[in-house]
Amino acid sequence: DDEEQVIVIHPRRTFSDVGEDILWAKDAIELLAGRGIIAGMGTGQFEPHRSINRAEFAKLVIETLGDKSLSQGTAMFSDVDSTKWYADYVGKAFAKGLIQGSNGKFRPMENITRNEVAVLLHRMQNEAVPYYSMISFTDGADIPDWAREAVVFLVEKGLIKGYEDNTFRGENQ
């Protein structure tokens, strides 16, 4: 095979508040920051214990996908002001079928829940769950129907985990 492979190595970006207490996320944070997908708070800190809102997560997803296309607009959501920093990201995420909103609203400043993250990540994968699997979390009955398939898929793919006590806590931020 004469194809030449190019390996791009992105530098890591460290933050003063990303340490051993969140070792499980440290690599991902530093690698995503090195690629420019996340930026932290602009003060040399990342604030890893701060919840992420729906607008910020839409930006993270679109940046991860590397979408450089023009936005499809945000008129579909009555609560997304087209002059806000996140409007283009929300428009792109909607155009790609990654977000739907509810009752004509996106609620950009509300913190995103684990259930919502699961659904969005599942939509990014664009794959169906090959068979019905049981959710083994002790609070599995609390996972709403609209998020169940996504949670099953992401757990099976190893993309999301529960807590140490075998709960999922899907309404947590």
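The values are calculated or read from the model by the stated rules, or taken from the named source; none is laboratory data. No experiment lies behind these values; they were computed from the predicted model shown. Please note: Cβ atoms are built from the backbone with ideal geometry, for glycine as well, and neighbour counts cover all protein chains shown. All accessible areas refer to the heavy atoms of the entire protein, side chains included, with ligands and DNA or RNA removed. Shrake-Rupley method; radii C 1.70, N 1.55, O 1.52, S 1.80 Å.
Return a whole-number percent for the relative contact order of segment 1-114, with Cα pairs under 8 Å and 6 or more residues apart as the contact set.
Relative contact order, segment 1-114: 23 percent.
Quick one: how many lysine pairs does the chain have with C-alpha atoms less than 23 Å apart and a gap of 8 or more or different chains? Give me the count, please.
18
With only Lys, Arg, Asp and Glu charged, each at its Cβ (+1 for the first two, -1 for the last two), find how big the charge dipole of the chain is about the Cα centre; round to the nearest 20 debye.
560 debye
Per the Cauchy relation, a quarter of the hull surface: what is the mean projected area of the convex hull of the alpha carbons in segment 79-173, in nm²?
6.7 nm²
Just check segment 20-138 against the gyration tensor rule for me: Cα atoms, a ≥ b ≥ c as the square roots of the eigenvalues, rounded for a/c under 1.5, and otherwise prolate or oblate depending on whether a/b exceeds b/c.
Verdict is oblate for segment 20-138.
Run lengths n ≥ 4 of DSSP H only: what is the helix-derived mean residue ellipticity at 222 nm for the chain, with -39500 (n - 2.57) per run over all residues, to the nearest 500?
Here the helix-only value at 222 nm equals -10000 deg cm²/dmol.
Using a 1.4 angstrom probe on heavy atoms only, work out the carbon and sulfur share of the accessible area of segment 89-155 in %.
Summing carbon and sulfur atoms, their accessible area is 49 percent of the total for segment 89-155.
Tell me, what is the percent relative contact order of segment 3-51, built from C-alpha pairs under 8 Å that lie six or more residues apart?
With pairs under 8 Å counted, the relative contact order is 41 percent.
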